[in-house]
Amino acid sequence: MYKYDEYDHSIVASRVEEFRDQVQRRLAGQITEDQFKPLRLMNGLYLQLHAYMLRVAVPYGTLDSRQMRMLAHIARKYDRDYGHFTTRQNIQYNWIKLEDAPDILADLASVEMHAIQTSGNCIRNISSDQYAGAAADELTDPRPWAELLRQWSTFHPEFSYLPRKFKIAVIAADEDRAAMRLHDIGIQIVEQDGVLGAKVFVGGGMGRTPMIAPEIKGFVPIEDLLSYLEACLRVYNRYGRRDNIYKARIKILVHEIGADSYRAQVEDEFVEVKKLGIDPPKAEFDRIAAHFADPAFETGLSDEIDRSDPDFAVWLDQNTVAHKQPGYAIVNISLKPAGGIPGDASSAQIDLMADIAEQYGFDELRVTHAQNIVLPHVKKADLYTIWQQLTEAGLAEANLDLISDIIACPGLDYCSLANARSIPVAQKIATRFADLGRQRELGELKLKISGCINACGHHHAGHIGILGVDRKGTENYQLLLGGSGAEDTSLGQITGPGFSEDGIVDAIEKATDVYLAQRGEGERFLDTYRRIGMAPFKEAIYG
Amino acid sequence: MVELLRYRDDEPHDEPAVTLDSFLGQSNATAVRIESGEDARALLPHLGRLSLVEVSFPKFRDGRGYSSARILREAGYTGELRAQGDVLVDQIPLMRRCGFDSFAPEAEVDEAVLTASLARYDHVYQTAADAYVPVWKKRHG
């Protein structure tokens, strides 16, 4: 994985010093909260309901064990002994003191980490496929592209005061594990005449007006990528709406002027920008890519696994994925224990995952947008030992992509924007469907919960989505069916009137009953919904 | 009146800046002010006779002026480029990178803070409208 050189170190160290200065000026009353807000937001520091929340960047979700242990250290020293992994592959801490934030950043910098641009109206942390570099189905490792974009977007002088936040995802497989087309810019690395380049989608997003990004350019060679993206961003910075925060994302611009008109403007801008020499030479891309070379895989390993322990066999089938290298597997560690808070991990659990990665996993971990952790390179021969260690730490829930593997935003328990709580709903659903046999019978079922219309819990992209709203002072939950954040991207449709907290759990159970009764051979919940439509579900839920 | 911050060696231009509409309508003005929503490219045919372009920042969150500055510098404009309005001390380093070389902030700027901010970063990741050499160029000679 990428290692900082002297320049990266220097830039991050300067940032720590800068933020320390900004915090001191705020604490001394030299700047107002209104003036401080964009500065702290550009550094991932939010003022939430009860305390400051700090969001730490995990670029494209990739970490080593030393970095993971630092995340545990921060949880212990500055927070309440836990952290929360997010849908943007980051981690956030909910109980931070403003005066501690500069020291936390200094601790992070010591392990080549930061909180740069994890919020604010700027280009956010670049997200990617959590199986990058390991997946059997990928064209190439997307992370060198993502790292190139990380560097380009860091303190970008022109694009730090955009109309709204700006999220970019990069993938390099046909299976989309990063909800790529639901980003402001989605990039899929593709091959054309033996050369790799970027297929660029612009104007996707969730929030209150969900949109699937249209393709804007079929192929941008690496030598032109930064110029092309500068052109994309410049058109947005100049013409994106600034009169209404809810219409300020690039998806609204692309939708209002149309993809063809947006594309034409980008092409015109690209002609100008390309003259400026802002694209690094191929040698810089190659330098970055060398950091992502395969680890020293052993060859000739067996793919045989002893399945005699039935609990292990269930976990093996549910939570491990095919690796490109014979004898190896990709392990998913679920952070969704029944009744737990989706994405939360204690410092002890974070340390344990770091230990396992160091001992058995070439020192690598990934954070997934589904709020789980991945060990990307594990020998099949070590899986049983790893499973035993995870089991002891409460980390061996065998529910990957099942109904209890829920994405949930922090909701009204933490968030100042929320209208309703998300966590208790997630806990009730996971408890109702706690029986693993029943979950496995239901198969792949992606359930996603947002506590307000901003959709941080990705409810539009859930096979089953839940949106918490405030109805006359009472929390109310709307049910959506049929969304997908995968390569078959679709937006969920609302079933009808909303429900109480208990009512929504009943409604979900009725929907799953319809699926079980009507499913065809090999159909997932989503496939059945797409085939039979909303009506039978509506009838069962409201009839 | 808050002091004008200037990073140029020539004498300040003393002709008042006219609006974009009046500038485009009269042939002799040498200073123009563009509002954040106005198209800086409208000035490109006239760069030769311009000595001052003032770009308005009605709110510090309104970042359109950063692109206006880049467009003017990319087109070869070498006259004074001034950021005027709700310009905060922490924004000035980025504005410098975009090509602004004078600042007329509405509120007083703490000069010690500004001096420290402008000297803080030894390295940058991108090519912009200033003299910084991006790190990718340093890495590859």
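Quick notes
- Here A:Pro144 meets each of (1) modelled with pLDDT of 95 or more; (2) touching a helix residue (DSSP H, G or I) at 6+ places or on another chain (Cβ under 6 Å); (3) not charged (D, E, K, R); (4) not assigned by TED's automatic domain parsing to the domain that holds A:Ile187 with one exception, condition (4).
- Scan of the stretch A:1-40 for residues that are at pLDDT below 95 and among the basic types (Lys, Arg), ordered by number: A:Arg25, A:Arg26, A:Lys37, A:Arg40
- When A:Asp79 is tested against the conditions (1) without any contact (Cβ under 8 Å) to a residue 24 or more places away in the chain; (2) closer than 21 Å to A:Pro38 by Cβ, the lone failure is (2).
- Just so you know, in the stretch B:107-132 the residues that are among the acidic types (Asp, Glu) and more than 10 Å from every other protein chain (Cβ to nearest Cβ) include one that is farthest from A:Gly29 (Cα to Cα), and it is B:Glu111.
- Scanning the stretch A:440-488 for residues that are of a type in the set (S, T, N, Q) and at pLDDT 95 or above turns up A:Ser450, A:Asn476, A:Gln478, A:Ser484.
- Yes/no for B:Arg73 being of a type in the set (Lys, Arg), modelled with pLDDT of 95 or more and closer than 27 Å to A:Asp21 by Cα: no
- Inside the stretch A:59-88, residues that are within 11 Å of A:Leu365 (Cβ to Cβ) and not in a helix (DSSP H, G or I) make up a count of 4.
- B:Ala75 meets the conditions (1) farther than 19 Å from A:Ile31 by Cβ; (2) surrounded by 15 or more Cβ atoms within 10 Å (Cβ to Cβ); (3) touching a helix residue (DSSP H, G or I) at 6+ places or on another chain (Cβ under 7 Å) in every case but one. The failed one is (2).
- Complete set of residues in the stretch B:97-106 that are more than 7 Å from chain A (Cβ to nearest Cβ) and part of a loop (DSSP other than H, G, I, E, B): B:Gly99, B:Phe100, B:Asp101, B:Glu106
- Hey, A:Ala248 in contact (Cβ under 8 Å) with a residue 40 or more places away in the chain, among the aliphatic types (A, V, I, L, M) and within 12 Å of chain B (Cβ to nearest Cβ) or not: yes
- Some residue of the stretch A:313-326 being within 23 Å of A:Asn94 (Cβ to Cβ) and among the basic types (Lys, Arg): no
- Selection status of A:Gly240, within 14 Å of chain B (Cβ to nearest Cβ), closer than 12 Å to A:Asp184 by Cβ and either of a type in the set (Asp, Glu) or buried (at least 16 other Cβ atoms within 10 Å of the Cβ) (or both): yes
- Subset of the stretch A:1-58 (residues that are part of a loop (DSSP other than H, G, I, E, B), more than 13 Å from chain B (Cβ to nearest Cβ) and among the charged types (D, E, K, R)): A:Lys3
- Among residues of the stretch B:83-92 being within 8 Å of another protein chain (Cβ to nearest Cβ) and assigned to a helix (DSSP H, G or I), the one that is nearest to the chain's Cα centre (by Cα) is B:Gln91.
- Matching residues, the stretch B:37-82, being within 14 Å of another protein chain (Cβ to nearest Cβ), polar (S, T, N, Q) and outside any helix (DSSP H, G or I): B:Ser56
- When A:Gly522, A:Gly496, A:Gly503 are checked against the criterion of being at positive phi and either assigned to a helix (DSSP H, G or I) or without any contact (Cβ under 8 Å) to a residue 24 or more places away in the chain (or both), a single residue qualifies: A:Gly522.
Here is a yes/no grid of residues against (1) surrounded by fewer than 22 Cβ atoms within 10 Å (Cβ to Cβ); (2) free of Cβ contacts under 8 Å to residues at least 60 places away in the same chain:
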{"site": "A:Thr118", "(1), (2)": "no, no"}
{"site": "A:Leu149", "(1), (2)": "no, no"}
{"site": "A:Tyr161", "(1), (2)": "no, no"}
{"site": "A:Val195", "(1), (2)": "yes, yes"}
{"site": "A:Ala198", "(1), (2)": "no, yes"}
{"site": "A:Phe201", "(1), (2)": "no, yes"}
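- Elements of type helices (runs of 4 or more DSSP H) contained in the stretch A:221-332, each with 2 or more residues being among the small types (Gly, Ala, Ser): A:225-239, A:259-273, A:282-290
- The set of residues from the stretch B:1-36 being over 26 Å from B:Lys59 (Cβ atoms) and part of a helix (DSSP H, G or I) comprises just one member, B:Gly25.
- Scanning the stretch A:268-297 for residues that are surrounded by 15 or more Cβ atoms within 10 Å (Cβ to Cβ) and facing chain B (nearest Cβ under 10 Å) yields A:Glu269, A:Glu272, A:Val273, A:Leu276, A:Ile278, A:Asp279, A:Pro280, A:Glu284, A:Phe285, A:Arg287, A:Ile288.
- Residues in the stretch B:43-83 that are without any contact (Cβ under 8 Å) to a residue 12 or more places away in the chain and not charged (D, E, K, R): B:Pro45, B:Gly48, B:Gly63, B:Thr78.
- Total residues in the stretch A:163-176, condition surrounded by fewer than 24 Cβ atoms within 10 Å (Cβ to Cβ) and either part of a loop (DSSP other than H, G, I, E, B) or within 14 Å of chain B (Cβ to nearest Cβ) (or both): 6
The values are calculated or read from the model by the stated rules, or taken from the named source; none is laboratory data. Note that this is a predicted model, so its numbers are computed, not measured. Quick reminder, even Gly has a Cβ in these numbers, built from the backbone with ideal geometry, and neighbours come from all protein chains shown.
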